[in-house]
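Novice: Okay, handing you the structure first.
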Amino acid sequence: MTGRTMRHPFVQQSPMPGFGLAMGITVTMLSVVVLVPIAALLLKGADFGLANIWATVNRERIWKALWLSFRLSFLAALFNLVFGVVLAWVLARYRFPGRRLLDAAVDLPFALPTAVAGIALTALYAPNGVFGSVLADAGIKVAYTQWGILVALIFVGLPFVARTVQPVIEEIDREVEEASATLGASRLYTLRHVVLPMLTPAALTGFALALARAVGEYGSVIFIAGNIPLVTEIAPLLIVIQLEEYNYNAAAAIGIAMLLISFAMLLAINLIQIWSRRRIGHV
Amino acid sequence: MTRETLGSIAPRPAPMTAAEIVAPLRRVKPLLTWGAIIAALALTIGESRAETLLNVSYDPTRELYRDVNAAFTEYWTAQGNPAPQIETSHGGSGAQARSVVEGLNAQVVTLALASDIDRIAEAGKLPADWQGKLPHNSSPYTSTIVFLVREGNPRGIKDWGDLVAEGVQVITPNPKTSGGARWNYLAAWAWAERNGQDPREFVGKLFRNVPVLDSGARGSTTTFSQRGIGDVLLAWENEAYLALKELGEDQFDIVVPSVSVLAEPPVAIVEANIANDEQRKLAEGYLNFLYSPQGQALAFKNYYRAWDPSAAAPEDVARFPKVDLVDIAQLGGWARVQPEHFGDGGIFDQIYVPK
């Protein structure tokens, strides 16, 4: 094939100038900040060998911790998905005193050091804490149980769904809902078939972000978890424990296992997202 | 940009008004501000001056080294030396050792376990025979493990044997992540050995009574004292006294068991991080100061069992009850104990193997 007949070059010329510069900056930054550390992790793993990685990960204690981490992260992200959409709806659709304050408060979990969040939550939910003492009377233990981990993960993941969905809700034309109503649709029908499909892609993005954040969370969970092996031991703690023993290879092995599981989950979410976009067309 | 600005000003024959002079400056100002900010950031990142010393230490020594650093600075300048800038960093002993291995520029390490400093030696940052360089296995002060119980000791806890009773909740940090917790574990082991019990079974029972495994000693103290979890806290003796002092003597009691361990938190100079002779002199002076009567008095004051009570306040020395102390050599030395008990899949891990 000669250059003249090639109608679709590998890099299509964009009418926008500055592609080379922008791309260069992007690739450099992405490499330095994201790709190089991940490559280092994978290299460490390659050094260790696939069989050794499997032998390290394939132990009941590790599986239990991975299962705990991913299960609770998923539940926390699910909670945030529902609650975040409601929160975004309230903030975008209604005008009430204190709205801006509430709006700012949504970002707090981003700003607060996770250790502070963990200690604050533990203080509240410990059997002698404000919520904990009430719950203890009802026979419910939160701090130092899996419920405590869930509370911490919900806290750190809260802003993601709200923040991704909010601008979408603000963009929705009220006329669309009104049209739906004039055509005889009930409120529930409008919500299910008109509003929610428009929110789905953004909500899924937020869900994926919240999930990814929760899986890797260490700082806040470590204070509230109790860290009892097989019961409340999260996978990131196992990595820290391996490092504590100067066992870098085993730490990398667990890290790679988490990376792979996260990658598979994010891929699945992305596929659902593509599917939902196709179904309703581009919003 | 400067040339442009000058070009637009220069041809003007009339004298400039103040506003005209300021106008180009205003364009330069953000540049200057940003330049200053970046320069300041760069300075804070860059190497500091020569008379500095970074002491990388473990968790519960905060109060001790706050006192020592102040006293040493005074002593050092009184000797006719320029005022040194001493900084101390605290954290889990193992994590701190790892930071030094990975390049943290510490001139002095004062950690909880000799095995952590051995790690730094393995990385080639200090000689393998470091522990022989200073008196008492390079441990200027020692401590032991005691029990902190709630006021009035409602559970009647007197010795290690009481900790495995049904329903007693024991708080200790995780031996996998905390140096102090390894001493807790070993003290329990030593007691079981001396009292004709199967030590493996005994520590297993003990750790099954632990509802929360914090990652470090301070975390456990908080869990026990602030969160109200547990009946007994296994703690460094100095940490237990500090908890009494800080949180009120009317809330907790210290119980001293019949057998405990002689915990020797060692100190060493990190040879590879010594920049010049000046700094070496400072680092040596600093560690020797810990052994001086004044340094020893500070250790006593901060509830450590030090060696030389000559300058210490008598009540600081008198408060330590006599305990049968087992040292690490009697347990086989760190080189054996560490992998056997706390290594991956070691005796401690086997406690949690599901049945």
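Novice: Under a plain spin-label model, where a point goes 7 Å from the Cα along Cα-to-Cβ, how far apart in nm are B:GLU315 and B:GLU151?
Specialist: So the two model labels end up 2.1 nm from each other.
Novice: With no solvent and one equal point scatterer placed on each C-alpha of the protein assembly as shown, evaluate the Debye formula and give log10 I(q)/I(0) for q = 0.05, 0.06 Å⁻¹, two decimals.
Specialist: -0.33, -0.46
Novice: How long is region A:33-101 along each principal axis, judged by its Cα atoms, biggest number first, in Å?
Specialist: 59, 32, 15
Novice: Spin-label point model (7 Å from Cα, Cβ direction): what's the A:LEU183 to A:ASN249 distance in nm?
Specialist: Going from the A:LEU183 label point to the A:ASN249 one covers 6.4 nm.
Novice: For A:SER133 and A:LEU191, compute 0.36 nm times the residue count separating them, minus their Cα-Cα distance, and round to one decimal in nm.
Specialist: Answer, rounded to one decimal: 16.9 nm.
Novice: Can you pull the one-decimal nm distance between simple spin-label points at A:VAL82 and A:PHE110, each 7 Å off the Cα toward Cβ?
Specialist: With each label placed 7 Å out from Cα toward Cβ, I get 2.6 nm.
Novice: Under the definition of partner shielding as Cβ atoms of other protein chains within 10 Å of a residue Cβ, what is the mean value for peptide B:214-224?
Specialist: 3
Novice: Quick one: what Rg and Dmax do you get for chain A from the alpha carbons, in Å?
Specialist: 23.1, 80
Novice: Counting only other chains, what is the mean number of Cβ atoms within 10 angstrom of the Cβ of each residue in peptide A:233-244? Please report the intermediate quantities before stating the final value.
Specialist: On the way: counts 3, 0, 0, 0, 5, 1, 0, 7, 9, 2, 4, 15.
That works out to 4 on average.
Novice: Something else about it: Ranking A:HIS193, B:HIS341, B:HIS90 by Cβ neighbours within 10 Å, fewest first, what do you get? Working shown, then result.
Specialist: Working: A:HIS193 12, B:HIS341 21, B:HIS90 18.
The order, fewest Cβ neighbours first, is A:HIS193, B:HIS90, B:HIS341.
Novice: Ranked highest first by the average count of other Cβ atoms within 10 Å around their residues, in what order do B:234-242, B:247-255 fall? The partial results should precede the final answer.
Specialist: Values: B:234-242: 25.2, B:247-255: 14.6.
The peptides rank, most packed first, as B:234-242, B:247-255.
Novice: Kirkwood-based Rg over Rh for region A:211-283 (C-alpha set), two decimals?
Specialist: In region A:211-283, Rg relative to Rh is 1.16.
Novice: Straight-line reach from B:LYS205: which lysines fall under 24 Å, measuring Cα to Cα and dropping same-chain residues less than 8 apart?
Specialist: Here the lysines satisfying the reach criterion relative to B:LYS205 are A:LYS64, A:LYS141, B:LYS158, B:LYS176, B:LYS355.
Novice: Which order, highest average first, do B:163-174, B:220-231 follow once you tally other Cβ atoms within 10 Å for each residue and take the mean per peptide?
Specialist: Values: B:163-174: 20.1, B:220-231: 22.2.
Result, highest mean first: B:220-231, B:163-174.
Novice: Next question, about the same structure. Shielding of B:169-179 by partners, i.e. mean partner chain Cβ atoms within 10 Å per residue? Present the calculation step by step, with values, prior to reporting the outcome.
Specialist: Working: counts 0, 0, 0, 0, 1, 8, 2, 9, 8, 1, 1.
So the per-residue partner count for this stretch is 3.
Novice: Still on this structure, please answer the following. What number in nm² do you get for chain B if you take the convex hull of its Cα atoms and divide its surface by four?
Specialist: So the Cα hull casts an average projection of 26.8 nm².
Novice: Right, something else. Which chymotrypsin sites (Phe, Trp or Tyr not before Pro) from region A:66-147 combine a DSSP loop assignment with at most 10 other Cβ atoms within 10 Å? Intermediate values should be presented prior to the final figure.
Specialist: Values: sites: A:TRP67, A:PHE70, A:PHE74, A:PHE79, A:PHE83, A:TRP89, A:TYR94, A:PHE110, A:TYR125, A:PHE131, A:TYR144, A:TRP147; in loops: A:TYR94, A:TYR144.
Here the sparse-neighbourhood loop sites are A:TYR94.
Novice: Right, next: Using Cα-Cα distances under 8 Å and only pairs 6 or more residues apart, what relative contact order does chain B have, in percent?
Specialist: Working: 547 pairs, mean separation 73.9, N = 355.
Relative contact order for chain B comes out at 21 percent.
Novice: Ratio to report: Rg/Rh of region A:139-283, with Cα atoms as the point set and Rh obtained by the Kirkwood method; give two decimals. Could the numbers behind the result be given before it?
Specialist: Working: Rg = 20.4 Å, Rh = 18.0 Å.
On the Cα set of region A:139-283, Rg over Rh gives 1.13.
Novice: Between the alpha-carbon centers of region A:34-71 and region B:241-273, tell me the distance in whole angstrom.
Specialist: 37
Novice: Moving on to the next point. If Lys and Arg each add +1 and Asp and Glu each add -1, what is the summed charge of the other residues whose beta carbon sits under 13 Å from the beta carbon of B:TRP236?
Specialist: Numbers: positive: B:ARG62, B:ARG182, B:ARG218, B:ARG305; negative: B:ASP59, B:GLU63, B:GLU237, B:GLU239, B:GLU264.
It works out to a net charge of -1.
Novice: Using alpha-carbon positions, what is the distance between the centroids of region B:312-355 and region B:165-229, in Å?
Specialist: When both Cα centres are located, 11 Å separates them.
Novice: For B:LEU262, B:LEU113, what's the fewest-to-most ordering of other Cβ within 10 Å of each Cβ? If you can, show how the numbers build up before the last one.
Specialist: Details: B:LEU262 20, B:LEU113 24.
The order, fewest Cβ neighbours first, is B:LEU262, B:LEU113.
Novice: So how much slack lies between A:ARG277 and A:MET16, counting 0.36 nm per residue of separation and subtracting their Cα-Cα distance, in nm? Can you show the working numbers first?
Specialist: Working: separation 261, 0.36 × 261 = 93.96 nm, distance 2.68 nm.
Length gained, A:ARG277 through A:MET16: 91.3 nm.
Novice: Taking only DSSP H segments of four or more residues, each worth -39500 (n - 2.57), what value at 222 nm results for chain A once the sum is divided by all its residues, to the nearest 500 deg cm²/dmol?
Specialist: Values: 15 runs with 206 residues, N = 283.
Mean residue ellipticity at 222 nm (helix-derived): -23500 deg cm²/dmol.
Taken together, the values in this text are just the output of simple stated rules run on the coordinates, not laboratory data. Owing to the predicted nature of the structure, the values given are computational and were not obtained by experimental measurement. Glycine gets a Cβ as well: all are built from the backbone with ideal geometry, and neighbour counts include every protein chain shown.
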